[in-house]
1. Kindly report the accessible area of the range 401-503 per residue (heavy atoms of protein chains, probe 1.4 Å, no ligands, DNA or RNA), in Å².
2. Take 272, 261 and sort them by solvent-accessible surface of the protein heavy atoms, 1.4 Å probe, largest at the top.
3. Would you list 513, 117 from the most to the least accessible area, probe 1.4 Å?
4. If DNA, RNA and ligands are ignored and the probe is 1.4 Å, what is the ranking of 540, 310 by accessible area, most exposed first?
5. Note down the nm distance, to one decimal, between modelled labels 7 Å out along Cα→Cβ at residue 390 and at residue 74.
6. Going down the table (311/464; 409/529; 147/565), which pairs top 21 Å between alpha carbons?
7. With a sphere of radius 13 Å drawn around the Cβ of residue 114, what net charge do the other residues whose Cβ falls strictly inside it have (Lys, Arg +1; Asp, Glu -1)?
8. Test of the criteria: in the range 172-258, which GluC sites (Glu not before Pro) are in a DSSP loop and have at most 16 other Cβ atoms within 10 angstrom of their Cβ?
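The values are calculated or read from the model by the stated rules, or taken from the named source; none is laboratory data. Fair warning: this is a prediction, and the values are worked out from it, not measured in the lab. Positions of Cβ are backbone-derived with ideal geometry, glycine not excepted, and every protein chain shown enters the neighbour counts. Just the protein is used for accessible areas: all its heavy atoms, side chains included, with ligands, DNA and RNA removed. Shrake-Rupley method; radii C 1.70, N 1.55, O 1.52, S 1.80 Å.
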Amino acid sequence: MSRLAQLKRSLKPFLLNPTPHLSKPPILNPTSNPPHFLNPKNPFLSRQFSTTPSLSSPSSSISDAELRKYLGYAALTIFCAAATYYSFPFPENAKHKKAQMFKYAPLPDDLHTVSNWSGTHEVHTRNFIQPESVEELESVVRMANEKKQKIRPVGSGLSPNGIGLTRAGMVNLALLDKVLEVDKERKIVRVQAGIRVQELVDGIKEFGITLQNFASIREQQIGGIVQVGAHGTGARLPPIDEQVISMKLVTPGKGTIDVSREKDPELFYLARCGLGGLGVVSEVTLLCVERQELVEHTYVSNVKDIKKNHKKLLSENKHVKYLYFPYTDTVVVVTCNPVSKWKGVPNFKPKYSKDEAMKQIRDLYHESLKKYRGEEPVSKSSEETEPEISEFTFTELRDKLLALDPLNKDHVIKVNQAEAEFWRRSEGYRVGWSDEILGFDCGGQQWVSETCFPAGTLAKPNMKDIQYIEEVMQLIEKEQVPAPAPIEQRWTTSSKSPMSPAYSSAEDDIFSWVGIIMYLPTTDSRQRKEITEEFFHYRHMTQTQLWDKYSAYEHWAKIEVPKDKDELAALQSRLRKRFPVDAYNKARRELDPNCVLSNNMLEKLFPLGNPV
């Protein structure tokens, strides 16, 4: 007690006038700002010392317990601040520039970074497995189920959202990429699910067959492109999952099972567009078509002419799509049809050379560089690595232009007008095999929202697909959205897979698919964040004003999970109206009882109602 009394006397000057001393807390590193935890304005500190002024009163007294309490608070605060400051430094190799202090640390060497093609979703995991055989895959799935360790199936990472990603662990079938069997007469092909679309068509072209339809990009794995309900275009052609006639699923709950139209058709149709949640697709059997050369015709039209000729364009062309340009009346029409046996290849001579077609966008790039940077592109020297402007493709030059001022509506309009002129000078024909012709250069990294909605039948289109586009354009102009081109519109027939956005029991129904985009042409994190916010505002407007009106649902590879609880509940309810969620979740419980194939997206969209 005598020592305590002596300590009280030594602290008496501080207790009588505490404010000056508390206003300058100790700084652990004199060359840096004081840590947040030692900031005199920190509400934590102000609360702990808020009672001390009363000690300055001559009439007040302090007990031993109170003194120990105040000393303990001060010591604890200083200790926590010091531990935090020295335990979480800012290393030079830190990769998360936006992270908070507790997350701002270097990545371990054994961590795999997995991102999607658009650069919009990225995860880091220590468990990224690539089995070299089906037996190894089966062993991996079995062990994961026993340990309740997630191994979400992920394909090529081309989905604009994070549907295949999870930190807990992923399994990729890139090494299971063989063509197993080809029946030339029946046009049936059996392949391992890790084979990419381009590898598949290259592997079977010697048999004179190919896939019925293609999405824009050829790098998807077959297992992935089927599971998310991907599609090409053609009002007589179904989504790609309709080409699947049987599959082999490696499931955690029931091992490896075969599903087909003849054997367990209910599960087959459900699993055919199963979002990777019912099993790891290891093999796929596809019904193909005869390989054909196609003539692609590209020309520029306008909304008035499109409305007048829409029914004819859908019915008379095997493949057709429209590209719309916001703030202009330009519509680019692209049709593809087999080469006529009687007419042969069209005899057409382009009006403009490649350089003439690129002239306006190159001129705009010159002007924009001068405006924004006060410089003009110059011819490169032998020591420079930056390509000359003439070496850039159209999409590369568009990205460079948009990167200068991506959210300036007037600048974006100029880019859209230059692109419209590019297509006007690129009108014409080209001939090639379907896997060469049906692709589309989507440009660089981007945010995408693509919706699918019914558009009547081929015999009687209801024209709602054109009305939808008109309303999107009106929203863009009314809200002054810096919306880049193109807005792409395609069509398919229905799918019998109940989880497909194009599901319908009526075979003659047609569906329209409309994609809106915003490019991410820069690596600057702040600018990408601003573009992202503007895109989600753009998407939200179409969602609230158009989706329910047109019964539109997003493509599974492009849907994003809301962060707001009310918005998520509304989305869950909306999905239940369109898709057999209860049947899907029942199959998940049976085939994947421990949810090892699931991820946050699946669990949010289709909650099982019990802990995962």
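1. Ligands and nucleic acids excluded, the figure is 35 Å² per residue.
2. Largest accessible area first, the residues go 261, 272.
3. Descending accessible area places them as 117, 513.
4. Heavy-atom accessible area, descending, gives 540, 310.
5. The two pseudo-label positions are separated by 7.7 nm.
6. Too far apart for the 21 Å limit: 147/565.
7. Summing Lys/Arg as +1 and Asp/Glu as -1 gives +2.
8. 185, 219
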